[in-house]
Structure formats: C-alpha cells, structure tokens
Amino acid sequence: MKTQVAIIGAGPSGLLLGQLLTQQGIDNVIIENRSADYVLSRIRAGVLEAGTVDLLRQAGVGARMDREGHPHGGFAFSFDGRLERIDVHALTGKNVMVYGQTEVTRDLMDARTASGATTFYEVQDVQPRDFYTDKPRITFVHAGREITLECEYIAGCDGYHGVARKSVPADAIKTFERVYPFGWLGVLSQTPPVTDELIYANHERGFALCSMRNPTLSRYYVQCTIDDKAENWSDQRFWDELRTRLPADVAADLVTGPTIEKSIAPLRSFVAEPMTFGRLFLVGDAAHIVPPTGAKGLNLAVSDVAVLYQILRGVLLDGRTELVARYSEVCLRRIWKAERFSWWMTSLLHKFSDDPFSQRMQLAELDYYTSSVAGRTTIAENYIGLPIETID
C-alpha cells in the first residue's frame with residue numbers, strides 16, 4: 001500500500017493534518033490503535049485560541065463550531081478575595097472559542113469520512129521504519145492482516161505515549177521535563193456554569209478552575225495531591241471544596257448536581273528536541289506536553305499542524321525539500337513560549353507548599369500583573385495565542 005503522507009494517530013492533530021492535506025490533493029492515510037468511539041470518548045480541552053479557530057475554518061470544519069461554540073472575550077483571576085477580569089478582546093482585538101475537543105474531533109472525523117480518505121482504526125504492532133531514507137514505511141496489523149504502508153513522509157501525531165517518538169534512536173533526541181507535585185481533580189456536571197467566562201483561582205487550600213462546555217454543561221477542577229484517588233471524592237466533598245476556593249459571591253451562585261465524569265490528571269511540562277528525524281515529524285503531544293493551566297495543549301498541537309502542513313505542501317507540490325529542515329526550528333520557538341506561559345500560570349496559581357513567603361509572592365505577582373495595562377496585555381497576548389509563523 002502506498003501514500004504520500006502516513007499519519008500515526010487519529011486524534012485532532014492527525015485528523016486536522018489529514019484534512020488540510022486532502023484539501024490540497026495530497027494523498028494521506030491515518031492509522032490509529034484505538035477505536036473511533038474510544039477517540040471520541042476522551043474528554044479534553046475546550047478553549048480554542050484565535051489561530052486554532054482560523055485554521056479549523058480554513059480546513060472547512062468550522063461551521064458547527066461557529067454555530068455552537070461560545071466566543072469568550074476574557075477570563076478572570078480569583079485571588080485574595082478578589083476577582084480580576086482580563087479583557088482579552090479589548091487588549092488584543094480577538095476572542096477565544098469555548099468548544100470541546102471532542103466536538104472538534106467529531107467534526108474532523110465527519111469531514112474525513114465525507115472526503116473518502118483512508119483511516120485504519122484499531123491497528124496493532126505499529127512500527128515506523130526507514131525514516132532516515134528516502135523510502136520510509138510503516139508496518140502494522142489491521143484485522144489480523146499485516147500491512148506495509150509505503151510513503152514519502154511520516155507524521156507522528158500519536159501522543160506522549162505513542163510509538164513515533166519511541167522509534168527515534170535515543171542518541172538522536174533530547175528531552176526536557178518537569179513533573180509537578182500535584183494533580184487536578186476534574187468533574188463534568190450537567191449544570192449551568194457558575195459564570196459566563198473561565199475563573200482561575202489561587203487559594204490557600206490550592207488551585208481551582210471554573211470552566212464549561214456549553215450553557216448546560218460545566219467543567220470544574222480543584223488541585224489535589226498527586227497520589228489522591230477520584231473515588232475518595234464524593235460529589236458533596238468536591239462541591240464543598242470548590243466553593244471554599246472561590247470568592248463568596250461566586251460560590252453563592254454555584255449550581256451543583258450529580259457529576260457525569262470524575263478523574264484526576266497529573267501535571268507535567270515536557271519538550272523533545274528536535275522534532276524532525278529524517279522523514280519522520282513529531283507533532284503535538286508526541287513532542288511536547290504542557291500543564292493545562294494555560295489552555296495550550298490542543299492549541300499547541302494545532303500550531304505544529306499548521307507549520308507541518310505548510311512545509312509538506314511546499315515539498316510535495318512545489319518540490320521545496322529544503323523546507324523539511326525548518327520544521328523543528330519554527331515549531332520549537334512557539335512551543336517554548338507556550339511552555340513558559342503554562343509554567344508561569346501553574347507556578348502563579350497552585351499551592352506548592354505551606355511556605356507563607358511563597359504564597360505572598362504569588363499574591364504580589366497577581367496583583368502586579370492585574371493592576372498594570374502592560375501586565376494584562378502580556379497575559380492576554382499569550383492567552384489568545386501567539387502568532388503562528390508563515391513558511392515563506
């Protein structure tokens with residue numbers, strides 16, 4: 001079997017890359033080790049940067065997002081009994097879009113089905129091979145049949161635990177990592193959000209986040225210990241803790257109810273360098289992880305896709321093979337800045353210890369940034385998403 005671009009992973013980054021390539025007449029095949037239903041069942045991020053929204057529209061999958069998504073012009077920091085709003089739209093002229101990653105994935109799956117492009121789900125024994133040559137290939141097993149997929153380039157969009165990065169020789173890659181000493185307990189509830197915009201809370205008992213999926217579906221988080229278990233948290237315990245970490249007037253408006261989903265996620269920062277190995281590219285979580293505090297995970301994967309799409313279009317349609325060498329350089333510039341913002345937000349809002357000096361420094365930092373137009377602008381520019389470079 002032959003194709004031009006083999007894509008490992010049918011999450012949003014793999015599907016989006018496939019959609020953009022298909023629009024340009026560039027043949028591509030996606031392989032995924034999970035089922036389509038499993039991929040759609042994963043509950044992930046819901047805040048889309050302006051650049052992500054633009055690229056989804058460019059890919060022809062933005063219609064439902066524009067109908068059902070919720071543009072947000074700002075968000076708030078809660079700290080020291082205060083609620084300080086960052087007016088992102090006034091400071092940048094742009095909005096973010098609240099639209100769940102599951103919905104993005106569904107839209108991309110529907111578009112791929114409509115295009116007739118090939119996707120293999122529930123594959124096994126995936127092995128990228130010969131990617132340092134001009135004839136890379138992937139071998140895998142599907143429905144009991146061994147398949148060899150010959151291609152010109154491989155895009156590893158298969159996440160942090162995927163095979164793409166693991167296939168790279170150990171001496172060819174360098175990784176940078178910080179694991180944080182706490183997790184997020186998250187719940188999904190069929191209740192109206194406590195506010196129309198997100199609230200990021202710094203509290204002496206730990207971080208909290210009020211988010212949403214739509215006007216009747218809310219997503220809430222509280223910081224917990226790294227070794228905690230979701231089953232240790234009854235619904236009542238969770239709602240009581242969330243109320244405690246919010247300003248009194250916000251807590252009074254909190255509508256509670258049975259939770260649909262409850263889980264604990266660890267937090268880490270991770271970057272792999274470089275992101276290109278011969279004709280194999282690492283994309284999204286295969287190359288980098290950010291703590292969710294800055295809402296950058298999905299958005300950072302999309303920016304990788306935007307850069308790789310430009311490069312592959314130039315290479316495969318115009319013969320500009322020299323562009324391949326630019327992928328890592330261009331992506332990593334933006335990745336490290338997003339890592340910095342996510343690390344900064346995490347450091348600013350979470351409880352790391354009982355040290356009162358550290359807690360006071362957090363409050364001073366929040367007060368300084370929210371009291372200054374320059375500080376608010378810095379936050380807004382990063383929150384809305386830094387520009388995605390154009391490949392000339």
Positions within the stretch 332-358 being touching a residue at least 12 places away in the same chain (Cβ under 8 Å), more than 22 Å from L185 (Cα to Cα), surrounded by fewer than 17 Cβ atoms within 10 Å (Cβ to Cβ) and not basic (K, R), in sequence order: W336
Checking D171 against (1) out of contact with any strand residue (DSSP E or B) (no Cβ under 6 Å at 6 or more places or on another chain); (2) in a loop (DSSP other than H, G, I, E, B); (3) more than 30 Å from T225 (Cβ to Cβ), the condition it does not meet: (2)
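Based on this model, can you work out whether A143 counts as out of contact with any Leu (no Cβ under 8 Å at 6 or more places or on another chain) and of a type in the set (A, V, I, L, M)? Break it down stepwise before answering.
Details: out of contact with any Leu (no Cβ under 8 Å at 6 or more places or on another chain): yes; of a type in the set (A, V, I, L, M): yes.
When the stated conditions are applied, A143 passes them.
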Qualifying helices (runs of 4 or more DSSP H) (wholly inside the stretch 321-392; at least 1 residues being under 26 Å from I311 (Cβ atoms)): 327-349, 373-384
Failed item, numbered, when F281 is tested on (1) among the aromatic types (F, W, Y); (2) surrounded by fewer than 21 Cβ atoms within 10 Å (Cβ to Cβ); (3) not in a helix (DSSP H, G or I): (2)
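Does the stretch 92-106 include one or more residues that are of a type outside the set (A, V, I, L, M, F, W, C), within 30 Å of R137 (Cβ to Cβ) and not in a helix (DSSP H, G or I)? Walk me through how you get there before you give the answer.
Taking the stretch 92-106 first, the residues of a type outside the set (A, V, I, L, M, F, W, C) are 92-95, 99-103, 105-106.
Filter again for within 30 Å of R137 (Cβ to Cβ), leaving 105.
Retained after the next criterion (residues that are not in a helix (DSSP H, G or I)): none.
Within the stretch 92-106 (the criterion being of a type outside the set (A, V, I, L, M, F, W, C), within 30 Å of R137 (Cβ to Cβ) and not in a helix (DSSP H, G or I)), the answer is no, since none of the residues qualifies.
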Tabulated pairs, the stretch 359-384, first on the phi > 0 side of the Ramachandran plot and crowded, with 20+ Cβ neighbours inside 10 Å, second at pLDDT 95 or above and in a helix (DSSP H, G or I), C-beta under 6 angstrom, 6+ apart or interchain: none
The stretch 118-143 residues that are on the phi < 0 side of the Ramachandran plot, paired with ones that are surrounded by 13 or more Cβ atoms within 10 Å (Cβ to Cβ) and modelled with pLDDT under 95 (beta carbon under 6 Å, 6 or more apart): Y121/A36
The lone exception for I26 - which of (1) within 28 Å of I138 (Cα to Cα); (2) not charged (D, E, K, R); (3) not in a loop (DSSP other than H, G, I, E, B) it fails: (3)
Per-region count, the stretch 66-93, residues surrounded by fewer than 19 Cβ atoms within 10 Å (Cβ to Cβ), of a type in the set (A, V, I, L, M) and either under 20 Å from the mean Cα position of the chain (by Cα) or under 16 Å from T195 (Cα atoms) (or both): 1
Residue among D54, D37 that is in a helix (DSSP H, G or I), free of Cβ contacts under 8 Å to residues at least 60 places away in the same chain, buried (at least 16 other Cβ atoms within 10 Å of the Cβ) and out of contact with any Pro (no Cβ under 6 Å at 6 or more places or on another chain): D54
Complete set of residues in the stretch 334-376 that are touching a Lys or Arg at 6+ places or on another chain (Cβ under 8 Å) and of a type in the set (S, T, Y): S342, Y369, T370
Tally, over the stretch 153-186, of residues that are β-branched (V, I, T), within 30 Å of L348 (Cα to Cα) and touching a Pro at 6+ places or on another chain (Cβ under 8 Å): 1
Qualifying residue in the stretch 125-137 (condition: exposed (fewer than 14 other Cβ atoms within 10 Å of the Cβ) and among the acidic types (D, E)): yes
Residue in the stretch 304-313 that is touching an Asp or Glu at 6+ places or on another chain (Cβ under 8 Å), under 24 Å from A10 (Cα atoms) and buried (at least 16 other Cβ atoms within 10 Å of the Cβ) present: yes
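Restricting to the stretch 339-375, name every residue that is of a type in the set (S, T, Y) and under 16 Å from A76 (Cβ atoms). Full working, then the answer.
So the first thing to find is which residues in the stretch 339-375 are of a type in the set (S, T, Y), and the list is 342, 346-347, 353, 358, 368-372.
Once the filter is applied, which keeps residues that are of a type in the set (S, T, Y) and under 16 Å from A76 (Cβ atoms), the stretch 339-375 yields Y369, T370, S371.
The values are calculated or read from the model by the stated rules, or taken from the named source; none is laboratory data. As the structure is a prediction and not an experimental result, all values here were calculated from the model. A quick note on method: Cβ atoms are made from the backbone with ideal geometry, for glycine too, and the neighbour counts reach across all protein chains shown.
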